[in-house]
Amino acid sequence: MINHFTGNHHITQKLGLYNTFQNLDLYSNIPLDVFYPKSYNLTRFKEINEFREDFRVTKAESILKKFIEKTNFVHIEKVIVAMHINEKRLSRTACKLITENEWTHIKNDKLTAAQR
């Protein structure tokens with residue numbers, strides 16, 4: 001019985017599997033994110049920027065979730081900025097979902113014990 005074969009890095013390493021699935025787009029109409037978790041190749045500059053934007057948009061989404069869960073949320077300006085960012089994401093009309101100015105407003109969102 002053989003449990004190893006040459007050139008298996010395309011399916012046994014995360015980056016190899018990711019690249020293999022990226023190439024599936026040429027052969028299939030099924031979007032990658034339907035069956036494979038969102039991933040980024042951080043050796044590619046473009047994907048570093050995509051990861052950064054996704055991280056920041058996820059932060060905006062988490063602010064909205066905190067706002068819904070907490071009735072005494074005091075950072076209303078952060079909620080407004082987060083709503084604007086998520087509206088852009090849902091409308092899919094903006095090529096850049098979050099500006100540096102918006103990120104500056106929401107990046108330091110930590111609830112203190114008094115606010116919980």
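The values are calculated or read from the model by the stated rules, or taken from the named source; none is laboratory data. Fair warning: this is a prediction, and the values are worked out from it, not measured in the lab. All Cβ positions, even for glycine, are placed from backbone atoms using ideal geometry, and neighbour counts span all protein chains on display.
So which residues in the stretch 1-19 are modelled with pLDDT of 75 or more and loosely packed, with under 13 Cβ neighbours inside 10 Å, if there are any at all?
Scanning the stretch 1-19 gives a single hit, LYS14.
Going by the structure shown, is LYS70 crowded, with 16+ Cβ neighbours inside 10 Å and in contact (Cβ under 8 Å) with a residue 40 or more places away in the chain?
Judged against the criteria, LYS70 is not a match.
What is the residue count in the stretch 18-72 for residues that are closer than 18 Å to ARG92 by Cα and small (Gly, Ala, Ser)?
1
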